[in-house]
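Taking it in order: structure first as structure tokens, then the write-up.
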Amino acid sequence: AGPGQAAMYAGLQELGVANGEDLKETLTNCTEPLKAIEQFQTENGVLLPSLQSALPFLDLHGTPRLEFHQSVFDELREKLLERVSAIALEGKVEERYKKLEDLLEKSFSLVKMPSIQPVVMCVMKHLPKVPEKKLKLVMADKDLYKACAVEVKRQIWQDNQALFGDEVSPLLKQYILEKENILFSNDISVLHNFFSPSPKTRRQGEVVQKLTQMIGKNVKLYDMVLQFLRTLFLRTRNVHYCTLRAELLMSLHDLEISEICTVDPCHKFTWCLDACIREKFVDNKRARELQGFLDGVKKGQEQVLGDLSMILCDPFAINTLALSTIRHLQDLVGQDTLPRESPDLLLLLRMLSLGQGAWDMIDSQVFKEPKMEAELITKFLPMLMSFVVDDHTFNVDQKLPSEEKGPIPYPSTIPEAFTKFLQENRIACEIGLYYILHITKQRNKNAFLRLLPALVETFSDLAFSDIFLHLLTGNLTLLGDEFALEEFCTSLFDGFFLTACSRKENVHRHVLRLLLHLHHKVAPAKLESLQKALEPTKQSGEAVKELYNQLTEKLELRKPSPAEVTETPSMELPLPTVPTPASR
């Protein structure tokens with residue numbers, strides 16, 4: 001028997017059941033093989049008296065004994081699996097688990113026998129605590145570990161963080177990759193962007209679902225995943241780990257897994273914020289609730305601020321808070337109210353500040369809310385409101401009958417303080433960028449061109465971050481017709497994008513995405529110079545080269561074919577007169 005056959009009979013000898021090896025030995029040492037086979041069949045066959053007379057009947061029909069025994073075996077195994085599942089639900093808790101433990105003790109030696117393995121695995125699956133010794137044996141054997149149910153793996157994982165980390169790690173990599181693929185997607189649209197899917201839709205994603213299943217109701221495993229996410233966030237500063245932190249908690253919330261939700265101190269805060277993200281707005285009632293959670297952090301429990309800040313650092317949360325802030329500022333203009341007089345606005349800033357400070361807080365392990373700079377509220381936000389007023393004034397001026405002095409031009413300068421705030425204050429920069437997205441979405445070209453120069457240097461290069469550029473490129477599709485104008489293209493490309501292309505690969509990618517979408521709107525001369533400026537260098541990554549090739553192909557298709565080019569001038573030349581045969 002080869003190694004494959006040996007596996008088929010693995011463990012039978014320990015139970016005193018004859019196997020293929022025994023038959024081989026019997027046949028090797030006997031004088032009458034046929035008698036020996038008959039005796040072996042009698043001793044090891046199904047011991048039912050009524051069966052003895054029925055078996056020859058099967059022989060007459062040419063049904064091999066193997067087929068018969070196999071079908072009996074399959075039937076019995078199904079019955080046994082059903083019985084195991086039933087035992088796991090009946091009688092007193094201690095009794096049912098005692099029965100299953102006895103069954104496991106008897107059957108475990110056959111765990112490597114493929115035909116019996118499902119039964120052994122089923123018994124282990126229904127045991128809340130598989131004996132340590134058995135878990136170690138399963139863990140040490142790659143094939144057994146692979147074959148066992150997630151319920152058993154959880155028991156292995158909770159005491160083996162490294163092994164659990166190996167299982168979780170590829171999922172986390174996949175998650176980050178999926179997020180980046182959306183941000184760099186070739187489909188540019190103002191209607192469908194990174195923030196379009198609802199929280200509930202996002203939680204149905206493969207990675208969140210797999211992690212939820214791996215964790216089950218196990219608080220220890222949940223804590224391990226959170227620890228992985230914190231560590232990776234610290235190591236990479238990648239904010240998508242914060243999104244996953246929130247999505248995972250809300251996925252367990254959807255399944256009503258109270259064992260975990262009740263012990264996660266962020267649960268109610270995340271649940272409330274999740275509703276705001278769904279609406280893309282923080283309304284007054286929910287604002288009060290969120291404020292209650294923040295004010296309710298007790299002395300000695302400040303560490304929860306680290307978790308809350310990570311929940312608030314999720315780009316979907318920041319997006320909701322920033323959009324709500326812009327909306328509030330516009331409302332304040334209409335109400336003649338200053339930012340410092342609006343408690344709702346101050347709460348939004350407090351949460352933005354906590355979210356933006358997440359990395360520093362977790363890194364330093366100093367758990368207290370970041371201090372808000374007074375100037376943000378007394379100077380920067382009123383300045384943004386004055387931009388809103390400039391727009392209103394300009395629009396009204398346009399409608400008034402013009403006097404001799406001619407129409408009033410749109411203000412073209414920006415206060416120096418605005419540029420300085422965007423460079424030095426993280427919250428101001430985030431709100432400023434969202435204001436620019438807002439005016440672009442309103443197709444307000446004047447305001448866009450006025451504020452664009454302030455984006456070249458921003459706090460931590462936020463204006464060149466993927467999320468902002470993803471949203472900006474989407475909104476710029478609304479200004480598509482402006483791309484035919486030299487002045488607009490020079491401001492946008494030379495004045496902004498190209499300043500960072502050579503040092504930031506991601507900016508190079510976003511510009512190429514935008515041109516792939518809008519190249520037919522760009523003035524031909526400008527397009528040509530952009531094509532030269534955007535040519536990949538030796539250092540450029542594959543993604544940039546691929547996008548550049550796609551763009552080149554598209555532009556090639558637009559060029560008139562050589563045949564057309566040669567024909568056109570020839571029409572303008574005087575044609576030599578050739579005498580026709582008839583005129584001779």
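The values are calculated or read from the model by the stated rules, or taken from the named source; none is laboratory data. No experiment lies behind these values; they were computed from the predicted model shown. In this analysis, Cβ positions are derived from the backbone assuming ideal geometry, glycine residues included, and neighbour counts consider all displayed protein chains. Just so you know, the surface numbers come from the protein's heavy atoms only, side chains and all, with ligands and any DNA or RNA stripped out. Shrake-Rupley method; radii C 1.70, N 1.55, O 1.52, S 1.80 Å.
Just to make sure I understand: if all protein chains stay in place, what is the order of ARG203, ARG558, ARG503, ARG509 by accessible area at 1.4 Å, largest first?
On the way: ARG203 10, ARG558 110, ARG503 135, ARG509 60 Å².
Sorted by accessible area, descending: ARG503, ARG558, ARG509, ARG203.
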How much length would be gained if the chain were fully extended between LYS35 and ASP295, taking 0.36 nm per residue of separation minus their Cα-Cα distance, in nm to one decimal?
84.8 nm
Order LYS521, LYS559, LYS371, most accessible first, counting only protein heavy atoms with a 1.4 angstrom probe.
LYS371, LYS559, LYS521
Could you compute how much accessible surface THR490 exposes when probed at 1.4 Å, giving the result in Å² to the nearest 10?
50 Å²
What ranking do 356-366, 191-201, 115-125, 238-248 get when scored by the average of other Cβ atoms within 10 Å per residue, highest first?
238-248, 115-125, 356-366, 191-201
Kirkwood Rh, angstrom, segment 160-264 [1 / mean 1/r, Cα pairs]
14.5 Å
Vicinal HN-Hα couplings computed from phi for segment 227-243 (Karplus, 6.51 cos²θ - 1.76 cosθ + 1.60; Hz; Gly/Pro x):
5, 4, 5, 4, 4, 5, 4, 5, 6, 10, 6, 7, 6, 5, 5, 5, 4
If we restrict to alpha carbons, what Rg and Dmax does segment 283-372 come to, in Å?
13.7, 43
What is segment 283-372's relative contact order, in percent, from Cα pairs under 8 angstrom and six or more apart in sequence?
40 percent
Calculated FRET efficiency, ILE408 and LYS368, Cβ-Cβ r, R0 41 Å, to nearest 0.05?
0.25
Using a 1.4 angstrom probe and counting only protein chains, how large is the accessible area of THR337 in Å², to 10?
30 Å²
What is the calculated FRET efficiency for SER386 to GLU259, with r their C-beta to C-beta distance and R₀ = 51 Å, to the nearest 0.05?
0.45
J(HN,Hα) series, segment 538-544, from Karplus relation 6.51 cos²θ - 1.76 cosθ + 1.60, nearest Hz, glycine and proline x:
4, 7, 4, x, 4, 4, 5
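Starting from the Cα-Cα distance between ASP494 and VAL219, subtract it from 0.36 nm times their residue separation and give me the gain in nm to one decimal. Show your work: numbers first, answer last.
Working: separation 275, 0.36 × 275 = 99.00 nm, distance 5.32 nm.
Stretched out fully, the ASP494 to VAL219 stretch lengthens by 93.7 nm.
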Roughly speaking, what is the centre-to-centre gap between segment 304-335 and segment 101-149 when only Cα atoms are used, to the nearest Å?
51 Å
Whole-Hz ³J(HN,Hα) for each residue in segment 504-518, computed from phi via Karplus 6.51 cos²θ - 1.76 cosθ + 1.60 with θ = phi - 60°, x for glycine and proline: what do you get?
10, 4, 5, 5, 4, 5, 5, 5, 5, 4, 4, 5, 4, 7, 10
State, to one decimal in nm, how far the label point of ALA484 lies from the label point of GLU302, with both points 7 Å from Cα in the Cβ direction.
6.1 nm
Report the accessible area of LYS285, computed with a 1.4 Å probe over the heavy atoms of all protein chains in place, in Å² rounded to the nearest 10.
150 Å²
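How much FRET efficiency would the formula 1/(1 + (r/R0)^6) give for GLU180 and GLU21, where r is the Cβ-Cβ distance and R0 is 56 Å, rounded to 0.05? All intermediate terms of the calculation are to be shown ahead of the outcome.
Numbers: r = 56 Å, r/R0 = 1.01.
Taking R0 as 56 Å, the efficiency between GLU180 and GLU21 is 0.50.
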Roughly what would the spin-label model give for LYS106 and TRP271, points 7 Å off Cα along C-beta, in nm?
4.6 nm
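In the neighborhood of GLU167, defined by Cβ-to-Cβ distances under 15 Å, what is the net charge if each Lys or Arg adds +1 and each Asp or Glu adds -1?
On the way: positive: LYS142, LYS146, LYS153, ARG154, LYS173, LYS210, LYS220; negative: GLU151, ASP159, ASP166, GLU206.
With Lys, Arg at +1 and Asp, Glu at -1, the neighbours total +3.
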Using label points projected 7 Å from each Cα along Cα→Cβ, tell me how many nm separate LYS210 and LYS559, to one decimal.
4.5 nm
